[in-house]
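Taking it in order: structure first as structure tokens, then the write-up.
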Amino acid sequence: MGATLPAGEASAQTRAETLRYVTGNTVNSLDPSVPGSTRESFGLSMNVYDRLAAFGRKRLGDNWVFDHNEIRGELAERIDRSPDGRTFTFHIRQGATWHDGTPVTAEDVKWSLDRAVSARSLAPPQMSTGSITSPDQFRIAGPRVVEMMVERPDRLALSNMCVPYAIMINSTLAKRHATTDDPWALNWLKDNSAAGGAYIVEQHRPGTQTILRRNDNWRGGEQPGFRRVIVQTVPEVATRANLVERGDADLSIDLQPSDVAALAQRGRVKVVSVPQTNGFTHISMNNTMAPFDDVKVRQAIAAALPYQDMFQAALFSRGRALFGADWTTTPPNSDFPQPMPLHTNLERARELLRESGHPNGFSTTFTIGTGVSAWAEPMAALMKESLARININVDIRKLPDAQFNTGQAERTLPFYTEGGTAWLPAPDYFFRLYFTRPQRWNFASFNNEEINALTREAQFETDAARYDAACKRMIEILAAEVPLILAWQPLHEAVMARNVDGYTYWFYRQADFRDLKRV
């Protein structure tokens, strides 16, 4: 592995107290809000920085998953909400300190919140989804008290205090490294930390290795079980699998489904498999581009796909299917994503093509990115074969990820597959993020006036019954219009030593070391 403990402490640290985590990707920034930060950076920051609030967690079968409906204080020991839902009062924990030992102040919290809405970073767009947009919304109300005010009672205002971007920063330390051109110290915080969370960055070599040491003064939750965590980049997926299986590493989460299945069968490791409850794999059709601007064409394709065969070929059925539901018009509940009434019916597909004016079919391209080719290629091959039966000729194109992402962002791809994950899995947030506005995550370039209006209203709806009705109506429209096809929720699979316990699936799809212990 090549990871060593600092001189003078190695003898004091036992293997049992150290977690070795191997990942195929890199922690390229210690500040998750820096543009270009990887998901691994998001995950690391959750362990190093506190937020004012945090989601709870709950059992799902034998496993732990995050619970976005439960929000607790993290740096805040108490959070008060005004009766009108417009003011949140955060009471900072008594005795809370930064990693350098200095006390956390209300001024630090105010500066951190100001930064989240003002810096040229990834944070302001996310904060805006909860109506948090201006420093004027934050006020110091006492020595350890900060208020946040929103104009209307937004359902996602407090949830946004739990996301990776909402980090609380030692402002005194950060300001020492700020400049006129960089008043929020983005450049310095990319490679340095000014934090107070559960773990302290002891060593950081971007792209290679990061070593964390437990902060024994942390008061934001239960003390983590591991005194030290070694995060190491190992690009080869087979090597990562071998390291965990033979005990040289304790944890990896980004292995191939086929490797995970083989590891589980041999039984020398523990495998935690949880559907990505806040995500989905989709097959998108560009609704602004012929022939996919015709709803009957989209419905025809939806009726022609071999769903179960694709699911098996792509993921060995390791996930949660989002097809095959038995409802037709009205969904059973307002949960989203949920299985949709998608079934293979070639005769119906041919009938819909005739109604669309394409009795002889048409030709199109279907694009996949190289980064997802392991599961997308077998899926695409089966799709091509099935669509050929209704005279739709599909040319499969595989593009480098950078080129694929550009085509997706510029909306030049007519037909493709990709995945999406919503940090805040409220149904209205899903629809606002993925099915409204001309923005990056509206994969199908969908524009439906009723959904646009419903998402605007649902964001501020305080009546539970009316909110559920609005969300169910949005799901009905999605089922009828088929702007894209919800295929499945892949499994989030963590492979670990058999004596590591407590792994939790979090909305940012990374390991939270604070949950883990050796048993």
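Overview of results
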{"read-out": "Listed residues Q94, L387, T133: farthest to the positive end of the dipole of the chain (Cβ charges)", "value": "Q94"}
{"read-out": "Inter-centroid distance (Cα atoms) of region 57-118 relative to region 403-456, Å", "value": "29"}
{"read-out": "Difference of contour (0.36 nm per residue) and Cα-Cα distance, N345 to E151", "value": "64.9 nm"}
{"read-out": "DSSP-defined antiparallel bridges as percent of all bridges, the chain, nearest 5", "value": "75"}
{"read-out": "Relative contact order (%) - criterion: Cα under 8 Å, at least six apart; region: region 352-428", "value": "39"}
{"read-out": "Positive-end extreme of charge dipole, region 182-255 - chosen from I253, L243, L186 (charges on Cβ)", "value": "L186"}
{"read-out": "Cα→Cβ-extended label distance, 7 Å offset, between A16 and N360, nm", "value": "7.6"}
{"read-out": "Shape call, region 366-519: gyration tensor on alpha carbons, a/c limit 1.5", "value": "oblate"}
{"read-out": "Two-site label geometry, E377 and T329: point separation in nm, points 7 Å out along Cα→Cβ", "value": "4.6"}
{"read-out": "Estimated inter-spin distance, Q312 and W441, nm [label 7 Å along Cα→Cβ]", "value": "3.4"}
{"read-out": "Peptides ranked, highest mean first, by Cβ atoms within 10 Å: ranges 210-220, 394-404", "value": "210-220, 394-404"}
{"read-out": "Length gained when the stretch S258-S128 is fully extended (0.36 nm per residue, less Cα-Cα span)", "value": "42.8 nm"}
{"read-out": "Gain upon complete extension [R466, D293; 0.36 nm per residue less C-alpha separation]", "value": "59.2 nm"}
{"read-out": "Using a Förster distance of 35 Å, the FRET efficiency for N187-Q403 (Cβ separation, nearest 0.05)", "value": "0.75"}
{"read-out": "Amide proton proximity set for I396, modelled H, under 5 Å, gap of 5+", "value": "F366"}
{"read-out": "Three-way shape label, region 176-217, alpha-carbon gyration tensor, a/c 1.5", "value": "oblate"}
{"read-out": "Simple Cβ-charge dipole of region 195-237, Lys/Arg +1 and Asp/Glu -1, about Cα centre, in debye nearest 20", "value": "140"}
{"read-out": "Descending principal axes extents, the chain, alpha-carbon based, whole Å", "value": "73, 56, 44"}
{"read-out": "Residues of region 107-130 with amide N under 18 Å of the 7 Å Cα→Cβ point at K175", "value": "107-119"}
{"read-out": "Per residue value of the accessible surface for the chain (all protein chains in place, 1.4 Å probe), Å²", "value": "40"}
{"read-out": "Among 113-122, 41-50, the order from most to least packed when residues are scored by Cβ within 10 Å on average", "value": "41-50, 113-122"}
{"read-out": "Close Lys-Lys pairs in the chain, where close means Cα under 17 Å and separation is 8 or more or interchain", "value": "4"}
{"read-out": "Within the chain: Cβ-based charge dipole about Cα centre, in debye rounded to nearest 20 (Lys, Arg +1; Asp, Glu -1)", "value": "840"}
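The values are calculated or read from the model by the stated rules, or taken from the named source; none is laboratory data. Please read these numbers as outputs of a predicted model, since none were measured by experiment. Cβ coordinates were reconstructed from backbone atoms using ideal geometry, including for glycine residues, and neighbour counts include every protein chain displayed. Heads up: the accessible areas ignore ligands, DNA and RNA and are worked out on the full protein's heavy atoms, side chains in. Shrake-Rupley method; radii C 1.70, N 1.55, O 1.52, S 1.80 Å.
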